[in-house]
Each structure stands twice: as structure tokens, then as C-alpha cells.
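Asker: Submitted below is the structure of interest, expressed as C-alpha cells.
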Amino acid sequence: MSSELLWVNEFLSNGIGQQPEVLKDLRVVRGPSADLCIRCRGGRMLCGKTSCPLLAKARAIASRVSLVDSEQIDGSTPPGVFVGRLGYPRVLVGPMIPPYHGDTSVLDTPELWLGRTIQEIVDLRYSLIRGKTRVNIFDAQEPFGIVDRLQELTMSGSPAESEAQFAKKPAGVLTLSDEVQPFGPSAPLRSFQAWGIKADRRVEKAYYDRDLNAADAILRLHEDGVLVTRIQRAFSMGMFGVGARRRLVPTRWSITAVDSTISERLLDEIKHLPTIDEFRVHTFRYIDNRYVVMLIPEKWSYESIEAWFPGTAWNEGGSYPAMMGDHEGYQGRTTYASIGGCYYACRLGIAEHLLKKRRQSAALVLREIHPGYILPVGVWNVRESVRAALSKKPAQFDNFHSALDFAMTQLSIPRKAWLQSSHMLREAFFQKRISSYFGAQ
């Protein structure tokens, strides 16, 4: 560890009320925000956040470090697996196991996290110890060894008993950056076994159908009520698709791929449905994020705008909110959205809602991210928040301007700034009829 970071263990130990030796195995590395963190030391809040994200991570590590005291761990895996992306097409894969037994489903099921605090979410993430071994992505075609065992585990619909032997004692890594999502301790994997696996028959059927393409498998499982997280996990392990085309997919990529695939398929059906009859505004607030979802009585189009306030992960040193977004018309989009996976997670929540209501509409989503959102917790937060917003009764209006006036009362950024950032709003204000854009085909 470099001399400039030697203070970190002492600072963290004091901040979490532990003795310095508790965190002696913690490896501290620099990130994009390291210099600011070193100057701040968690007390001056130079980043503008309401609390220190590094302390949130350190508390989670400290509360679990005593549970990881050897190279061997046994516990009930949620089930959890992880596929890395570094070194692609030879990637690191492995199970994620907590060092205790029982119903651990919540540890790797984001659908169950809505309503929890950021500290609680970080605690959940750090509860899982990750084993890792390098494999080829094409090993999913004719699985053997660790890939075969992880695919079998992934089929489980409930926690399974497991045991892992590591090459060394798992250790946590605390990055001096709030741009890195928290992960628990990890170590190279020597052996892994799981038992008591109870396969979800829906996933199992898709796995053994080697003539069914991956997109159809994903949609069928969604229609059958399988949680999106579980579909993403199985897709990541290369369990869907024509046999000769199966491959492992890094976890980060699989999340967006599944959100995008499902929403595209749902929208194909939604575009044949009648439009809603009025303007609807749904709102929701969670972990200092504010969401406004406007549904407009026109044919399908969609835009998602994010406003990151100073002191948040993507606007750490700014003096005013940084706004960014993407949109698509009736025909969809052909390029990857600049705001990343959040765009597709949000679109999925909207598509599910419209299909359930048997209606179509244009959709505009405005999201403010305030400093209380001390670190990114994953795109699941957007998907579940949009789902929650749309599950609530909306405010209803008979014209666009009244709907927008109400939407602005739920946000802190002025209308002018949203107008400058939103393609849909500009078109609505400067076209003679709102339908000239919203209904474009």
C-alpha cells in the first residue's frame, strides 16, 4: 500500500468503531475520486454527499470480516453466480456464497431490495464471498467442471447448500471511488460443490431445449413469471439458445441484454394496442432519487432523462446538475443508449405496465439523483422504482401542459433545464401538435 493511503485503515477503523487489526486484510486501491477522498477523510464531506460511501462499504466489511477466517467456506448460496468481463473471451466465473446457512434468497434478489437503505443494500452485497476461476465463454456449449456445476446451481429456484475451497483467504477490496459498485470478499477458487438443489422446472425446460433461441427462452420465462434477476443469471451462465451458439455472458452485459430483449418483445405487442385516453403522471421517491413517469396519449415513443446533482457519483465536482438522456421513436433505436443499462431497465418497467393495461402510450421519464444517493447500487434500482411508480394511482390530466406543470412540482430542477435536455419536450413545445412527434412512425 502506498504511503499516501496508510491513513485509510486507521481512519476506517475509527469510523466504524473497530480496532485497526480487524481490517488488516483489507486491500485499498485508488479510483477516480481518490484524491478527494484522501483530502476529506470522511469528515468534511467534500464530495457533497450527505454521508461517506467509503464508510458505508467499510462498515459492511467490518461486520463480516470475522465470518471469513479460513480458505474454506460453507453456506447457503441464494443461489448466486458471477461472470466477469475482464480478459474476455476468457473470463472469471464463480459462485457467491455467504458464510452462513438458511434462507439467503434476499442476498442476490434485487426484486426484494426496494425500500431498504443504501447501507442495508451494501450489507447484502458484502455478505456474499465470491470464488473465481478463469474459463472460456464457449465452455457453455458443452459444459464440464465448474461451468457445469454453476449451471446446475443456477437452475435452482431456492437456496442450496454449498462449500468452496479457495487458494487463499478471501479478502475485501475497498476502492477509493464511489463509481465502483460494492462487492464482497473474493479469492481464487480451488473447488466448489453444491447439494440440495431444487431446480425451477421453468428454467430447466428452457435449458434442455437446445433448439430454442435465447430471445424466445427469455420471453417465455418472463411470461411464466420467473423473476428478471433469475433470467439474467441463467442467461449470463450461457444456459439459453441453440446449443452450438451458447456462451457465457458477463453479468454486467447480461442484465442489460435481458432488460432490452424483454422490453422489445413486449413493445412489439403493445404497438398494436389502443392508446390511453388521458395524460398520466406517476411519481416515486427512493434513496434520494426522484422519478416522474409521464404517459402521453399517443403512439409509442420513449425518453429517459437523468439529472445527477453535484456530489453524486457522475457529477462529483460539478456546481450544477448534470443532465443526460436518450430517446426513441415508434421504430425504436439501433444504437446503445448513452445512459447505459438504466435506459433499458426503465423501458422494461414501462412496457410491463402498458401490456398489463392493454394500452400503448408515449412515455417520458424524468429522474433526479440527489446527494443522498451516496453510491450507485445497480440498474435494478431504476427498474424497481419505475415499477413501483407505475403501480401507484397516477395524477390524470386532459392536456399536456397541465400534466407537465404537475410533474414540475415533483422535481427541483426548473422546467427550462428539462426543456433544454429533453428531445420530446422540445418537440412538444415547438411543434404545432404534440402528435406530430409522439405519433411519428
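The values are calculated or read from the model by the stated rules, or taken from the named source; none is laboratory data. In this text, all values refer to a predicted model and were calculated from it rather than measured experimentally. Here the Cβ is made from the backbone with ideal geometry for all residues, glycine too, and neighbour counts use every protein chain on show. Accessible surface is based on the protein model in full, side chains and every heavy atom, while ligands, DNA and RNA are left aside. Shrake-Rupley method; radii C 1.70, N 1.55, O 1.52, S 1.80 Å.
Asker: Sort the following peptides by mean Cβ neighbour count (other Cβ atoms within 10 Å, averaged over residues), highest first: 129-136, 223-230, 285-292.
Answerer: On the way: 129-136: 20.6, 223-230: 16.4, 285-292: 18.6.
By packing density, highest mean first, the sequence is 129-136, 285-292, 223-230.
Asker: For Val382, tell me the accessible area in Å² from a 1.4 Å probe, rounded to the nearest 10.
Answerer: Counting only protein heavy atoms, the figure is 10 Å².
Asker: Follow-up. So for segment 341-395, considering every pair of alpha-carbon atoms, how many percent are separated by more than 15 Å?
Answerer: Beyond 15 Å sits 51 percent of the P(r) for segment 341-395.
Asker: Another question, then. With a ≥ b ≥ c taken as the square roots of the eigenvalues of the C-alpha gyration tensor of segment 366-413, please select rounded if a/c is under 1.5 and otherwise prolate if a/b is larger than b/c or oblate if it is not?
Answerer: Details: a/c = 3.49, a/b = 1.64, b/c = 2.13.
The shape class here is oblate.
Asker: Further, regarding this structure: Post the alpha-carbon centroid distance, segment 329-346 to segment 112-168, in whole angstrom.
Answerer: With segment 329-346 and segment 112-168 each reduced to a Cα centre, they are spaced 28 Å.
Asker: Another question about this same structure. At a 1.4 Å probe radius, which order do Arg280, Arg246, Arg220 fall into by accessible area, largest first? It would help to have the intermediate numbers written out before the result.
Answerer: Values: Arg280 45, Arg246 0, Arg220 95 Å².
Ranking Arg280, Arg246, Arg220 by accessible area, largest first, yields Arg220, Arg280, Arg246.
Asker: What spacing in nm lies between the two simple spin-label points modelled at Ala199 and Asn399, each 7 Å away from Cα in the Cβ direction?
Answerer: Here the modelled spin labels are 6.1 nm apart.
Asker: If you don't mind, another one. In what sequence, highest mean first, do 212-218, 318-324 appear when ranked by Cβ atoms within 10 angstrom? Mind dumping the intermediate values first?
Answerer: On the way: 212-218: 18.3, 318-324: 14.4.
So the peptides 212-218, 318-324, ranked by packing, come out 212-218, 318-324.
Asker: Can I ask one more? Could you tell me the ratio Rg/Rh of segment 297-401? Both radii from Cα atoms, Rh via Kirkwood.
Answerer: On the way: Rg = 14.7 Å, Rh = 14.9 Å.
Here Rg/Rh amounts to 0.98.
Asker: Residue-wise, which Karplus ³J(HN,Hα) couplings in Hz belong to segment 384-392, taking 6.51 cos²θ - 1.76 cosθ + 1.60, θ = phi - 60°, and x for glycine or proline?
Answerer: Values, residue by residue: 6, 5, 5, 4, 5, 4, 6, 7, 8 Hz.
Asker: Can you give me the pair-distance distribution of segment 302-364, C-alpha pairs, 10 Å bins, whole percents?
Answerer: The calculated distribution, bin by bin, is 20, 43, 27, 10, 1.
Asker: When you count, for each residue, the other Cβ atoms within 10 Å and take the mean per peptide, how do 84-90, 70-76 rank with the highest first?
Answerer: Values: 84-90: 12.0, 70-76: 17.3.
Answer by packing, highest mean first, reads 70-76, 84-90.
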